Amino acid sequence: MMLTDPMAVVTGAGSGIGRGIAEMLATRGAPVAVADLDLEAAHETAARIATAGGRAVAVQADVSQAADVDRAVTAAIQALGL
């Protein structure tokens with residue numbers, strides 16, 4: 001299944017299961033917003049996705065904070081052009 005129209009926002013994507021989900025979605029064609037508390041780790045995941053030919057943007061977000069979620073989604077939409 002290819003995911004060319006939707007955009008995925010994956011939380012906790014700087015490592016572990018979140019990273020695996022973000023990379024899997026990217027291999028299926030979805031642009032991915034890599035959200036994590038640790039911005040450096042998010043950048044690392046986004047770079048791995050880009051190196052593999054996918055589209056990704058790293059965003060720092062604490063998903064327990066509504067303002068962070070709003071900011072992260074807005075940044076993702078702007079960066080990924082959706």
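The values are calculated or read from the model by the stated rules, or taken from the named source; none is laboratory data. Remember, predicted model here, so these are calculated numbers, not experimental data. Quick reminder, even Gly has a Cβ in these numbers, built from the backbone with ideal geometry, and neighbours come from all protein chains shown.
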Quiz item: Of these, T51, T74, T45, which one is modelled with pLDDT under 95 and polar (S, T, N, Q)?
Solution: T74
Quiz item: List pairs: first in the stretch 11-38 and farther than 21 Å from Q78 by Cα, second surrounded by 19 or more Cβ atoms within 10 Å (Cβ to Cβ) and of a type in the set (A, V, I, L, M, F, W, C), Cβ under 6 Å, 6+ apart or cross-chain?
Solution: S15/A41; G18/V10; R19/A13; I21/V10
Practice problem: Could you look through the stretch 14-40, keep only residues that are more than 16 Å from D68 (Cβ to Cβ), over 12 Å from the mean Cα position of the chain (by Cα) and of a type in the set (D, E, K, R), and pick out the one that is surrounded by the fewest Cβ atoms within 10 Å (Cβ to Cβ)? | Solution: E40
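Results for (1) of a type in the set (G, A, S); (2) assigned to a helix (DSSP H, G or I), shown as yes or no for each residue.
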| site | (1), (2) |
| --- | --- |
| V10 | no, no |
| E23 | no, yes |
| G29 | yes, no |
| A35 | yes, no |
| A42 | yes, yes |
| A46 | yes, yes |
| I49 | no, yes |
| V57 | no, no |
| D62 | no, no |
